[in-house]
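The structure under discussion appears below in the form of structure tokens.
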């Protein structure tokens with residue numbers, strides 16, 4: 001039996017397939033983003049740190065921020081890779097990850113020559129007692145709220161406690177907030193402190209996944225310097241045109257974001273009630289566009305394969321995210337497709353033989 | 001005294017400055033590259049490996065190549081970073097670099113957790129005896145012909161001998177051929193073999209530095225797989241629009257390349273005769289757009305600083321490329337500026353006090 005992985009489903013569509021797989025917005029970016037293309041004719045290297053106009057626009061979005069505290073990267077992925085490589089010093093360091101985690105995180109940690117350790121979420125939330133215990137001796141912690149794959153948002157009190165604990169212990173917090181503009185329950189709480197690196201991107205908020213414009217923000221000037229030096233050898237500037245398009249996105253009508261969120265919420269409500277109607281246990285998503293129900297069968301991997309091969313429904317195996325026994329559904333698709341997907345899921349559950 | 005580095009000069013221009021600094025074409029890309037912008041409206045993730053149409057176009061440019069043997073990267077820089085990280089296995093491996101080298105290479109090797117060792121060029125050429133001796137026990141060798149910073153092209157017999165030696169010893173050859181379309185003396189010789197990774201980019205041939213579209217080609221399917229897996233965690237797909245522009249570049253009038261080369265050659269002839277008229281010893285550039293003359297003063301670092309600060313001429317210190325006692329001149333600028341730069345260099349040499 002061929003092992004499936006997220007890569008198995010990239011670019012797989014059409015032919016009657018319903019995909020709850022890839023985590024990318026299906027609705028287009030703000031129109032301003034494409035306006036840029038009419039006149040853009042630059043071609044020379046940009047600044048390795050990122051274009052000053054984009055960094056200036058971003059600095060206005062963060063409290064007391066300065067453009068020099070930002071680095072524009074090839075998506076949030078490169079931001080995380082650069083930060084981890086920059087804090088590695090051959091010391092065999094450990095990095096704390098809440099579990100379930102975004103599936104690249106453990107790979108990112110190992111690729112930077114370090115080791116992941118885990119604190120297991122309880123009902124999708126960080127258990128601060130366990131966190132406090134596990135974080136000791138770690139070089140950094142990598143938080144993702146709202147979370148891919150759980151869809152949960154961490155409590156503000158928890159996030160404040162994490163700020164305090166990590167600052168006291170001098171542990172870096174890498175806060176991946178790429179879903180910060182897609183929260184249904186409250187405003188985003190920005191983790192702050194001299195030891196914090198905020199990671200974000202234009203992929204989810206502005207549906208610009210393919211352009212790979214991410215960034216990091218930290219008040220640690222020495223860390224910024226190390227990261228820029230490293231990036232000057234590993235990829236140089238981020239695509240100058242993608243950056244110009246990202247700048248246009250920052251200048252687009254703010255209603256774009258609230259309207260997107262409204263659509264996401266409708267879809268969230270629909271898929272949650274669909275899954276609950278099938279009797280599936282789940283953590284209600286408070287943000288992002290994922291839900292991670294428990295699948296009440298013994299062999300979830302076989303169920304996952306059968307759901308795809310017999311019923312043409314793509315989902316991601318919870319195991320890939322450190323959540324065995326579950327499947328991740330991305331609800332970045334039309335409500336009629338969500339409904340059809342729920343029907344097929346029901347059929348698969350009925351037909352599946354243990 | 002503040003230490004200067006290549007980063008000191010990025011984006012420094014105007015104000016009467018003549019820059020022989022940054023290595024980027026000053027003439028624009030083929031017009032087809034910007035035609036793409038009129039209609040491009042995609043926004044979703046692309047394939048991590050790179051868009052199939054671009055890989056198919058590239059495969060036609062290489063002998064017996066298949067699109068699956070290519071990975072499109074954020075410039076040649078990311079290609080080199082990924083290959084080095086992919087061959088690292090915590091074994092404290094050594095990578096052989098001809099010296100002078102492109103200034104990022106030793107950083108790339110160390111960032112991948114390995115150690116650079118060097119074979120010194122003789123009159124800008126690889127000494128195959130020394131190469132044979134030094135390459136033993138190395139995991140890979142990183143060749144750059146035509147070379148930045150020397151401008152020299154390695155002899156075909158030497159390149160063939162390198163193919164043989166490395167294949168026999170099972171050593172990977174990373175062949176950075178980003179200047180392959182800018183050779184004045186002969187056609188490029190493509191190093192080949194099952195152990196070869198060819199690295200190239202659209203930056204120099206098509207003046208697309210800012211878009212960061214590079215690629216690697218190897219027939220080693222296992223290595224491609226490891227690299228794509230790694231890239232899925234560290235940066236995901238390369239910017240989809242940059243790739244569409246690169247595809248357009250492959251479809252542009254081939255005279256673009258020959259016409260560019262003609263301009264480069266005129267500039268090469270002018271700067272070489274200018275430097276020789278000042279009595280400077282140099283290796284005649286056979287490709288790329290750099291020349292690396294010896295500077296007949298004791299303190300070249302101070303001369304370099306004075307040339308910049310008193311005479312507003314930017315050059316790069318040879319030391320940054322493993323070539324102490326020399327300065328690197330990039331001749332990616334108009335002939336009248338080259339002439340003015342030579343005048344100022346003459347003045348600096350006359351006024352410089354040891």
Partner chain coverage, peptide B:74-86 - average Cβ within 10 angstrom: 4
Cα-Cα separations in segment A:124-224 greater than 25 Å, expressed as whole percent: 20
Residue B:299 versus residue A:277: modelled label distance in nm, points set 7 Å from Cα along the beta carbon direction: 8.2
Shielding by partners, peptide A:225-238 (average Cβ within 10 angstrom, other chains): 6
Segment A:228-303: radius of gyration and largest Cα-Cα distance (Dmax), Å: 20.1, 53
Length released on extending from residue B:161 to residue B:187, taking residue separation times 0.36 nm less the Cα-Cα span: 7.6 nm
Translational D in µm²/s for the protein assembly as shown (Stokes-Einstein at 25 °C, 0.890 mPa s, Kirkwood Rh from C-alpha pairs): 91
7 Å along Cα→Cβ, label-point gaps from residue B:155 to other copies, nm, shortest first: 7.6
Overall form of segment B:2-56 per C-alpha gyration tensor (a/c, 1.5; a/b vs b/c): prolate
Antiparallel %, DSSP beta bridges [both residues in the protein assembly as shown], to 5: 45
Label distances, nm, residue B:7 versus same residue in remaining copies, Cβ-directed 7 Å point: 3.3
C-alpha long axis of helix A:300-309 to longest principal axis of chain A, angle in °: 80
Least to most buried among B:107, A:304 (fewest other Cβ within 10 Å first): B:107, A:304
Equivalent-ellipsoid semi-axes of segment A:32-250, from the Cα gyration tensor, Å, largest first: 29, 20, 15
Hull shadow area, averaged, segment B:227-354 [alpha-carbon convex hull, nm²]: 11.0
Relative exposure of A:55, B:41, A:276, judged by other C-beta atoms within 10 Å (fewest first): B:41, A:276, A:55
Peptide ranges B:287-295, B:74-82, B:28-36 listed from the most packed, as the mean C-beta count within 10 angstrom indicates: B:74-82, B:287-295, B:28-36
Compactness relative to 2.2 N^0.38 Å, alpha carbon Rg of segment B:262-329: 1.10
Label-point gap, in nm, between residue A:132 and residue B:168 - each point 7 angstrom along Cα→Cβ: 6.7
Förster radius 51 Å - calculated FRET efficiency between residue B:226 and residue B:266, Cβ distance, rounded to 0.05: 0.70
Principal-axis tilt of helix B:221-234 within chain B, Cα atoms, nearest 10 degrees: 70
Calculated [θ] (222 nm, deg cm²/dmol) that DSSP helices of n ≥ 4 give over chain B, each run adding -39,500 (n - 2.57): -11000 deg cm²/dmol
Where labels lie 7 Å past Cα in the beta-carbon direction, separation of residue A:27 and residue B:312 in nm: 5.3
In degrees, nearest ten, helix B:156-169 long axis to first principal axis of chain B (Cα): 50
Space enclosed by the convex hull of the alpha-carbon atoms of segment B:1-151, per residue, Å³: 223
Ascending list, in nanometres, of distances separating the residue A:309 label from those of the other copies (7 Å, Cα toward Cβ): 7.2
Computed lengthening from residue B:252 to residue B:35, 0.36 nm per intervening residue step minus Cα-Cα distance: 77.0 nm
GNM result for chain A, Cα springs below 10 Å: residue of A:38, A:125, A:337 fluctuating most strongly: A:38
Order of A:176, A:336, A:66 under a 10 Å beta carbon neighbour criterion, fewest first: A:336, A:66, A:176
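A short reminder: the numbers here are calculations on the coordinates, not readings from a lab. Keep in mind that what you see is a predicted model, and the values were worked out from it rather than measured. Cβ atoms come from the backbone with ideal geometry, glycine included; neighbour counts cover every protein chain shown.
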